[in-house]
1. Any idea which residue in segment A:107-122 is nearest to B:ALA351 (Cα to Cα), counting only those that are within 11 Å of another protein chain (Cβ to nearest Cβ) and of a type in the set (Gly, Ala, Ser)?
2. Can you give me the ranges of the helices (runs of 4 or more DSSP H) entirely in segment A:1-117 with at least 3 residues that are under 25 Å from B:ARG402 (Cβ atoms)?
3. Is there a residue being more than 10 Å from chain A (Cβ to nearest Cβ) and within 30 Å of A:GLN397 (Cα to Cα) anywhere in segment B:347-361?
4. What is the number of the single condition among (1) at pLDDT 95 or above; (2) surrounded by 20 or more Cβ atoms within 10 Å (Cβ to Cβ); (3) farther than 19 Å from B:PHE363 by Cβ; (4) within 14 Å of another protein chain (Cβ to nearest Cβ) that B:THR222 does not meet?
5. Looking at segment B:252-284, which of its residues are within 26 Å of the chain's Cα centre (by Cα) and without any contact (Cβ under 8 Å) to a residue 60 or more places away in the chain?
6. Can you name every residue in segment B:180-219 that is of a type in the set (D, E, K, R) and either within 14 Å of another protein chain (Cβ to nearest Cβ) or without any contact (Cβ under 8 Å) to a residue 60 or more places away in the chain (or both)?
7. Select the helices (runs of 4 or more DSSP H) contained entirely in segment A:304-417, then report the ones holding at least 2 residues which are at pLDDT 95 or above, over 18 Å from the mean Cα position of the chain (by Cα) and surrounded by 18 or more Cβ atoms within 10 Å (Cβ to Cβ).
8. State all residues of segment A:232-283 that are over 24 Å from A:PRO404 (Cβ atoms) and not in a helix (DSSP H, G or I); if no residue qualifies, say none.
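The values are calculated or read from the model by the stated rules, or taken from the named source; none is laboratory data. For clarity, every value in this text was computed on a predicted model and none was experimentally measured. Cβ placement follows ideal geometry from the backbone for every residue including glycine, while neighbour counts extend to all protein chains displayed.
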Number of protein chains: 2
Amino acid sequence: MDYIVSKGKNAKKASKILSILDSNTKNKALIRMAENLVNNSQAIIEANKIDMEKGKEKGLSQALLDRLLITEKRISDMAEGLREVADLPDPVGEVIKMWKRPNGIRVGQKRVPLGVLGIIYEARPNVTVDAAGLCLKSGNAVILRGGSEAINTNKCIAQILKDSCVQCGLPEGAIELIEVTDREAVNIMLKLNEYIDVLIPRGGSGLIKTVVANATVPVIETGVGNCHVFVDESADMAMAKDIIVNAKTQRPGVCNAIETILVHQNIAERFLPYIANELYKHKVELRVCQDSKKILLNTIEDKEIFNYIKDVTIEDWSEEYLNFILAVKVVQSIEDAIDHIDLYGTKHSEAIITRDYFNSEKFLNEIDAAAVYVNASTRFTDGSQYGFGAEIGISTQKLHARGPMGVEQLTTIKYIVYGDGQVRI
Amino acid sequence: MDYIVSKGKNAKKASKILSILDSNTKNKALIRMAENLVNNSQAIIEANKIDMEKGKEKGLSQALLDRLLITEKRISDMAEGLREVADLPDPVGEVIKMWKRPNGIRVGQKRVPLGVLGIIYEARPNVTVDAAGLCLKSGNAVILRGGSEAINTNKCIAQILKDSCVQCGLPEGAIELIEVTDREAVNIMLKLNEYIDVLIPRGGSGLIKTVVANATVPVIETGVGNCHVFVDESADMAMAKDIIVNAKTQRPGVCNAIETILVHQNIAERFLPYIANELYKHKVELRVCQDSKKILLNTIEDKEIFNYIKDVTIEDWSEEYLNFILAVKVVQSIEDAIDHIDLYGTKHSEAIITRDYFNSEKFLNEIDAAAVYVNASTRFTDGSQYGFGAEIGISTQKLHARGPMGVEQLTTIKYIVYGDGQVRI
């Protein structure tokens, strides 16, 4: 407890200095971090070896071990990321609007840092670097709490980042790593309202649910994505195919990949065999509704494909597979499609493929999600794809930030008011 | 539990309709509400009599009884408030920005309602009307949970508002009142994430703390204001006096009134007797630090004034008096003043009175509060004073909304993306 509170105090104190720091100094520190990471590659890789060995002993999955692994290439990617953050415009200090009231006071909205951000994440050590860079750029101090699997790597990286700050005259508390990896440390962070302004959990849905359920510090929820593509009856079939294949297979393990396609009944007989053939080439397993199955049984010639087709269950509609699996449903109408998304979607990213003006507008208006697409892949829900530079996560909640969060989303505003003696009447 | 959930379901369902409703229909409903409130004045006053009698039996304070009381005048004020909300621009549907990415997709940020708002408040029945009006205008459904003292009044008012909605073709669930007034009902609301998007507690600090500590639904914290005026050594004394008198006495029971003044040591000998004389005229009790006391003992001629001067205690610095009491402290420097505000302030509204350019900028930059003033009264922190029209409260947190929250702050954004077949590479 005392340990976490002392980290909180350091970060809070540092945040006051960071909040008024000029951009040049922040950028210098970011570039120094990048240099020091590369210059200390060997130390990082050594530390990472300890984590990798422990991970193998513990029997971590190959996927998890891959996320944990640090290589020279990955270090230079992280360093490159920091340099890109240095190149971004500084959001802090911008006066977004300023207006004059009838009594002569001028009221302005000025962008300021949030203060201290708490980032709670899992195995990937690159989050340590990404989060530290984005928080520093936006004038925030950060308290990092990574997973126990990566603790040696994280300690090594965090020390390098802290040293870089100090070398550039920044307060040491700008970046604090919680080196205790038990659950209790997280529980304390969740209620550390005095020192942490906002918590951002990054990881699986279990982690996110725990944080939301137990935090008294305000939380920005990120990431869980049960995304859909609706193929309207007027869809361009080739376009629908390209977008579905992209949204499902280009990187299935991420939140903006799709998990279900909804196909309008009037196009289903032509479209389903076409897309099933395509997805078979990518070894995507289909979990199909009864209507889809009937059509596929009548239309698919290559019987091999049926090895990749299974009956869908009601649980599938809520599933975030993060894998080469896609649920398939025939819907009666666009209203049906919207209702299905309403019921099972996670308000992340949703797409319609259509030629119809009214349906495109209806979908854009009525779907309640962070990002709604017409004739484009859901994979675009991403800070760099939207032009924000790096992102700290994708918010699926409605408060404060929705969708990809770049440095701007790590700020808040304060009102600044200039008067010459005005009082309220 | 079932009761609250059913209210939640109704509101959620209604919110989907409200979110895409045109402004004309919403405004018609707001005006109908205003008319129906006035036309049903007698029924409201009758219902209010029951609450007033029960309140007297329970021994509620005179101040509380006054907040509870409904008169013809107060009803017409509420109706007028609704008409003003109808006149505000509709924030929903505005596309704040839209830009084109190199691959041709167009990405837009569109303002949309939050969904379902839960408002938890205390004795004032006018909150029922204000909140319902602002939520409707911003396309949100609302679940109202007022205090038990006002339950009969609130039931009568809420029914009139609901009927007005239905008369104008709006869904009945647009406005839901929780008629159960025990603590358990609130506890259920706090965790009703499936149906409530955001909670806004309005009331004393006890209520707000309870909501923040126990809610899993995202909360916007409002209102507690321990505000300061710092009188810099270069201050115009008459201006400082006018602003302090205004910020303390114009309406001491509200959150943007000041509770402490900090006076620079180099102006203290001249300023303290001057302001003490002024505040004595307004029957303001001063709680003064030792330095202030020494000066006042040497300079105040009218010994009567000392009846209104007491020694300050350390607890006073944290006190939100909401009354004709003001703490007074002599500080060594602007840094001292900023440190004091940092330590004891609630990040609401803070003012400096100065002629010095660098000190004005330093105060604006370094004070961490929703609103920071130079040479103007803290009483301006208010939606109508800033030009937002009505407000639903003043946020003292940093996420989502900070400072006065008008209809715009009751919205979020969604990204709308127009493509012609783009996929991610």
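1. Going through the qualifying residues, I end up with A:GLY108.
2. On the way: elements: A:2-19, A:23-39, A:41-58, A:62-68, A:72-87.
The qualifying helices (runs of 4 or more DSSP H) are A:2-19.
3. yes
4. (1)
5. Once the filter is applied, which keeps residues that are within 26 Å of the chain's Cα centre (by Cα) and without any contact (Cβ under 8 Å) to a residue 60 or more places away in the chain, segment B:252-284 yields B:HIS282, B:VAL284.
6. B:ASP182, B:ARG183, B:GLU184, B:LYS191, B:GLU194, B:ASP197, B:LYS209, listed by residue number.
7. Result: A:334-344, A:357-366.
8. A:ASP232, A:GLU233, A:SER234, A:ALA235, A:ASP236, A:LEU262, A:VAL263, A:HIS264, A:HIS282, A:LYS283 - these are the residues of segment A:232-283 that are over 24 Å from A:PRO404 (Cβ atoms) and not in a helix (DSSP H, G or I).
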